[in-house]
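Okay, so here's the structure we're looking at.
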Amino acid sequence: MERKIETKCIHLLEDEEEYIHYGAISYPIYQTATYAHLGVGKSSGYDYSRLQNPTKEHLEKVVASLENGTDAFAFSSGMAAISLLMELFKPGDHIIAESDLYGGSIRLFHNVSAKNGITFSHIDCFKENIGDFITPATKAIYIETPTNPMMNVTDISAVAEITRKYNLILIVDNTFMSPYFQNPLDLGADIVVHSGTKYLSGHNDTLAGFLVTKRADIAEKFAFLIKTTGAGLSPFDSWLVLRGIKTLGVRMEKSQENAIKIAHWLKKQKVVKKVIYTGLPEHSGYEIMKKQARGFGGMLTFQLESKEFALSILKKVRMIKFAESLGGVETLITYPTTQTHADVPQEIREKNGITESTLRLSVGIENADDLIYELEKVFEETERELSGRKKS
Ligand SMILES: *Cc1c(COP(=O)(O)O)cnc(C)c1O
């Protein structure tokens, strides 16, 4: 029987075949840079930690198993993973990318990849026809689904049909759903990207990134590039991510349960103009999500009636922290305009619907009643203050 994903977060099948590491239940941290050779021309398989490290390798096997890939590669951050990924392309290559991508990816594409001669078309993969943008130079399609922060959903299988037809590489940043809820390789993607900083590690205490594939030609290129450029994850951070992944299942379920409750509460607030959560049946991507994912996740975006209201919420929250990042046990609230998407040109930001009254919530695993109670207080205080100001 194929094991279920919660179990795969905790147990790696191949480790059960022999008695290793004195039976240690927690995988040991091999805090070493180099390895002694058994003799001239004889290697244990481990020569230098930029190339191979047992703790990092163990983590890579776990992540490959969760994404149903053959190979995973662990990096010092999500951006380190995406930077290395861009080394697959050469000057003159063209990439079609979703327009509402993570801000850091857009900054990389426009300021670093562009300088190296790679060109990009940013499109709304849900509304626009991808085929119209393919040229003879097009090499890849890069998507996130749901997107950050507007939660636009793309049908991965439908895009995979196009990439297969034109022989393009389909890259999916799966950070928002985590492998617990969505597996793009099963839907036809060639490469999955993760910021392991988010749900995989899950505790806002380490940075990490991953590339996962089941294509041997791509895995071989990644292995060479990592060895050559050196952005691999350290042994200790690998261990932290391994520890985080063990509870991925329960964390994802609880974040989602809380997110659904908060989305319904927000919908009832007069000052909230719009709640964007893929788990609401009125969301334009709801049916696609039901088809391609096993859940809706713990991320939601909402729009207030005014910029003042949004800024006041950020100032007043106490337990909920006003901070960048997402996917941890703590609930965080962000302001995409000046934080994650500050480097995205204003016209792209506005075209995507990110306004100055847009807030994004990464719902943690606290008790939902406590989260709603805090939001209630913050909303009440703000309403009182703003109406007082209007009168005076
Ligand atoms: C955070 C994030 C990244 C970048 O990852 P880092 O670990 O912060 O470098 C990439 N994609 C998405 C969707 C993210 O949320």
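The numbers here are math on the coordinates, done by the rules we state, and not lab data. Quantities reported herein were computed from a predicted structural model and do not represent experimental measurements. Positions of Cβ are generated from backbone atoms using ideal geometry, with glycine treated the same way; all protein chains shown enter the neighbour counts.
Tabulated data for the structure shown
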{"item": "Listed residues Leu85, Leu13, Leu225, most fluctuating in the chain (Gaussian network, C-alpha, under 10 Å)", "result": "Leu13"}
{"item": "Hz values of 3J(HN,Hα) by residue in the stretch 92-107 - Karplus curve (6.51, -1.76, 1.60), Gly and Pro given as x", "result": "x, 6, 10, 10, 9, 10, 4, 7, 9, 7, 3, x, x, 5, 5, 4"}
{"item": "Estimated FRET transfer efficiency (Arg107, Lys290; beta-carbon r; R0 30 Å; 0.05)", "result": "0.35"}
{"item": "Binned Cα-Cα distances of the chain, short to long, each 10 Å bin given as a whole percent", "result": "5, 23, 31, 24, 12, 4, 1, 0, 0"}
{"item": "For Tyr27, residues with placed amide H under 5 Å, excluding near neighbours", "result": "none"}
{"item": "Potential extension, Thr135-Ile20 segment - 0.36 nm per residue separation minus Cα distance", "result": "36.2 nm"}
{"item": "Using θ = phi - 60° and Karplus 6.51 cos²θ - 1.76 cosθ + 1.60, couplings along the stretch 7-21 (whole Hz; Gly, Pro as x)", "result": "5, 5, 5, 10, 10, 9, 3, 5, 6, 8, 7, 9, 8, 10, 6"}
{"item": "Shape call, the stretch 195-307: gyration tensor on alpha carbons, a/c limit 1.5", "result": "prolate"}
{"item": "Gain in span if fully extended, Lys274 to Tyr166, counting 0.36 nm per residue against the direct Cα distance", "result": "35.1 nm"}
{"item": "Column: log10 I(q)/I(0), Debye, Cα scatterers of the stretch 246-392, q = 0.10, 0.11, 0.17, 0.21 Å⁻¹", "result": "-0.35, -0.42, -1.01, -1.44"}
{"item": "For the stretch 289-345, convex hull volume per residue from C-alpha positions, Å³", "result": "128 Å³"}
{"item": "The chain - mean residue ellipticity at 222 nm from DSSP helices (-39,500 (n - 2.57) per run, n ≥ 4, rounded to 500)", "result": "-11000 deg cm²/dmol"}
{"item": "Candidate aspartates and glutamates for bridging to Lys139, where Cα separation is under 19 Å - those fewer than 8 sequence places away on the same chain excluded", "result": "Glu87, Asp93, Glu98, Asp124, Glu128, Glu161, Asp173, Asp190, Asp217, Glu220"}
{"item": "Cross-link pairs Lys270/Lys351; Lys273/Lys390; Lys254/Lys291; Lys315/Lys351; Lys4/Lys56; Lys56/Lys316 - those with Cα-Cα distance over 32 Å", "result": "Lys56/Lys316"}
{"item": "Per-bin percent of Cα-Cα distances, the stretch 1-62 [5 Å]", "result": "4, 14, 21, 22, 18, 12, 6, 3, 1"}
{"item": "Paramagnetic label zone (point 7 Å from Cα along Cα-to-C-beta, Asn367; backbone N under 19 Å) in the stretch 244-266", "result": "251, 254-263, 265"}
{"item": "Listed residues Thr70, Thr147, Thr34, most fluctuating in the chain (Gaussian network, C-alpha, under 10 Å)", "result": "Thr34"}
{"item": "Listed residues Glu18, Glu380, Glu330, most fluctuating in the chain (Gaussian network, C-alpha, under 10 Å)", "result": "Glu18"}
{"item": "Sequence ranges 214-221, 155-162, 42-49, ranked by mean other-Cβ count within 10 angstrom, highest first", "result": "155-162, 214-221, 42-49"}
{"item": "Fraction of the pair-distance distribution of the stretch 241-314 above 13 Å, Cα-Cα pairs, percent", "result": "70 percent"}
{"item": "Contact order normalised by residue count of the chain, Cα under 8 Å, 6+ apart, percent", "result": "18 percent"}
